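Reading through the structure tokens given below for one structure.
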Amino acid sequence: MSSSPISNEKELQSELKVLAIKAMEYSHSPYSTKRIGSAIRLSNGKVYSGCNIENASYGGTVCAERVAIWKAYSENKKPVHITHVAVASAEDSPWPPCGFCRQVLAEFAKADTTVILTNTSGKEKALLFSELFPFAFEPEHLTK
Ligand code: ZN
């Protein structure tokens, strides 16, 4: 965990990409052989990374994004939200979060959360969470 104020958006995104790529090193992915890394930044400025951790049961597998989110939410006072999420892979076309992770992100991100998809070759795509997951089922649906 580190702390990162948003003083320079480009610098912050660059830092998150580096952390996401570094997190790939720790991937436990003997079944898919796909190493994925993620880094998220919370509204309090703290940054967390995670990698995919697969399991022989398959159902016990957790994606890199959710590992980073669990780490962040288990170590911070609420309320906080995710301002940025970066996802890194070695795939030619940077992989986006899966549907399961998008739903988990909908719990903790905002419509204007920045999503950065990158790969080890330097390709990248940045978009808003509302573009990645429009018309998400959100906690507010249960309280309306
Ligand atoms: Zn996922």
Task: Separation of the E9 and E124 label points, Cα + 7 Å toward Cβ, nm - done: 1.3 nm
- [ ] Could I have the simple spin-label model distance between A90 and S57, label points 7 Å from Cα toward Cβ, reported in nm to one decimal?
- [x] 2.8 nm
Task: Heavy-atom accessible area order for Y26, Y31, largest first, 1.4 Å probe - done: Y26, Y31
Task: Neighbour cut-off at most 12 other Cβ (10 Å), DSSP loop, chymotrypsin sites (Phe, Trp or Tyr not before Pro), the stretch 34-137 - done: Y58, F135, F137
TODO: Could you tell me whether the chain comes out rounded, prolate or oblate from its Cα gyration tensor? Rule is a ≥ b ≥ c as square roots of the eigenvalues, rounded for a/c under 1.5, then prolate if a/b exceeds b/c, otherwise oblate.
DONE: rounded
Open item on the list: Taking the solvent-accessible surface of protein heavy atoms with a 1.4 Å probe, what is the per residue accessible area of the chain in Å²?
Closed with: 54 Å²
Open item on the list: Below 8 Å between Cα atoms, with a sequence gap of 6+, how large is the relative contact order for the chain in percent?
Closed with: 19 percent
Task: MRE, 222 nm, helices only [DSSP H, n ≥ 4, -39500 (n - 2.57), over the chain, to nearest 500] - done: -8000 deg cm²/dmol
Open item on the list: With the crude spin-label approximation of a point 7 Å out along Cα→Cβ, what separation in nm comes out for K110 versus N44?
Closed with: 1.7 nm
Task: Percent carbon-and-sulfur accessible area, the stretch 9-143, ignoring ligands, DNA and RNA, probe 1.4 Å - done: 57 percent
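The values are calculated or read from the model by the stated rules, or taken from the named source; none is laboratory data. Bear in mind that the values here come from a model prediction, so they are computed numbers and not experimental data. Here the Cβ is made from the backbone with ideal geometry for all residues, glycine too, and neighbour counts use every protein chain on show. What goes into the accessible areas is simple: the full protein's heavy atoms, side chains included, and nothing from ligands, DNA or RNA. Shrake-Rupley method; radii C 1.70, N 1.55, O 1.52, S 1.80 Å.
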